[in-house]
Amino acid sequence: MELTIIGSGTGIPSKTRAYPCTLVKIKGNHLVFDTGPGSLRQLFLAGVTYLDIDHLHYTHFHPDHSLDLVSILFAMRYDTPKRTRPLFIIGPTGLQAFYEGLLSVFGETIKPKTFDLHFKEIENGEMAFDDWKIIVEPLQHSIHSIGYRIESLEGKTLTYSGDTGYCDGILRLAKKVNTLVLECSFPDDQKVDGHLTPRLCAQIANESQCGRLVLSHFYPVCDTFRKNNKHLPDTLKGIYKGEILFAEDFARITL
Ligand SMILES: [Zn+2]
Ligand SMILES: [Zn+2]
């Protein structure tokens, strides 16, 4: 299993961080989690095209996590060579309605002509595929927000939070996972409801006993906080003893 952080930023423009998008490769399958604006191009820069994507997953439908679904479907319709493999789109309750809404705006331009589109809404529970399974839990963010745990047949495990506050759902998804990717939106003294801070991330990593913590989804204010707080890594190590990585765009980790 290989993890690539495609976009480590948020809905606020940053010179160094693209909008949220994460790629997981398992045995040649490309699983994409969230596609904020510009993700199609970011994926392309990472060597992944509209032909390669197997499963698209959404954690919630805030525009910064979902807007490039439009660009992806548009490219799949008009670019050549044509995509013929089916595309699976997985997301929380409201996924189908979200697509219907996009259709009412963009019409035929995002309707596939050469392949089948399959939607699967999931609120919690498991879905098994040939080489992996996903486990989903509701998280504390917007209505119907979910997070994902991916387990390969070889027993490698990865959790991706999307946006969330501290909640039981993320603890269950993260329990003893190999690699835990958490959103780390705001500094500890500027906590916003439905989002995490560096200390909360370390706390979740410690309580879940994960093997490695990857922090991503940094608002610019959190980057500034990190820059001005050189002791932050030591502070976090005091809470969680495992490996802690601060994600950059295109950071790649083999599990
Ligand atoms: Zn959000
Ligand atoms: Zn977000």
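Checking the stretch 59-69 against the condition returns a match, with at least one residue being within 18 Å of SER161 (Cα to Cα), touching a His at 6+ places or on another chain (Cβ under 7 Å) and within 15 Å of ligand 1 (Cβ to nearest atom). So, GLU126, is that one charged (D, E, K, R), closer than 26 Å to CYS184 by Cβ and away from ligand 1 (no atom under 16 Å from the Cβ) or not? Answer is no for this residue. Quickly run through the stretch 101-132 and pick out the residues that are in a helix (DSSP H, G or I), surrounded by 11 or more Cβ atoms within 10 Å (Cβ to Cβ) and not hydroxyl-bearing (Ser, Thr, Tyr). Hits for the stretch 101-132 are GLY101, LEU102, LEU103, PHE106, ILE110.
Residue-wise test of (1) surrounded by fewer than 18 Cβ atoms within 10 Å (Cβ to Cβ); (2) in contact (Cβ under 8 Å) with a residue 60 or more places away in the chain.
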{"site": "GLU154", "(1), (2)": "yes, yes"}
{"site": "LYS176", "(1), (2)": "yes, no"}
{"site": "ASP193", "(1), (2)": "yes, no"}
{"site": "ALA205", "(1), (2)": "no, no"}
{"site": "VAL214", "(1), (2)": "no, yes"}
{"site": "GLY238", "(1), (2)": "yes, no"}
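Can you name every residue in the stretch 133-149 that is in a strand (DSSP E or B) and either in contact with a helix residue (DSSP H, G or I) (Cβ under 6 Å, 6 or more places away or on another chain) or surrounded by 15 or more Cβ atoms within 10 Å (Cβ to Cβ) (or both)? Hits for the stretch 133-149 are ILE134, ILE135, VAL136, GLU137, PRO138, ILE146, GLY147, TYR148, ARG149. Restricting attention to the stretch 4-62 and to residues that are more than 16 Å from ligand 2 (Cβ to nearest atom) and of a type in the set (Phe, Trp, Tyr), the residue that is farthest from THR197 (Cα to Cα) turns out to be TYR50.
Looking across the stretch 153-173, the residues that are away from ligand 2 (no atom under 15 Å from the Cβ) and within 21 Å of HIS65 (Cα to Cα) come down to LEU158, THR159, TYR166, CYS167, GLY169, LEU173.
Among the residues of the stretch 221-230, none qualifies, meaning not one is part of a loop (DSSP other than H, G, I, E, B) and closer than 20 Å to LEU139 by Cα.
Within the stretch 36-60, residues that are under 18 Å from ASP116 (Cα atoms) reach partners that are within 16 Å of ligand 2 (Cβ to nearest atom) and among the small types (Gly, Ala, Ser) with beta carbons closer than 7 Å, at six or more positions or on different chains, in the pairs HIS57/GLY91.
Readers should treat all values here as calculations from the given coordinates under stated rules, not as data from a laboratory. Note that the coordinates shown come from a computational prediction; the quantities given were computed from them, not determined experimentally. Quick reminder, even Gly has a Cβ in these numbers, built from the backbone with ideal geometry, and neighbours come from all protein chains shown.
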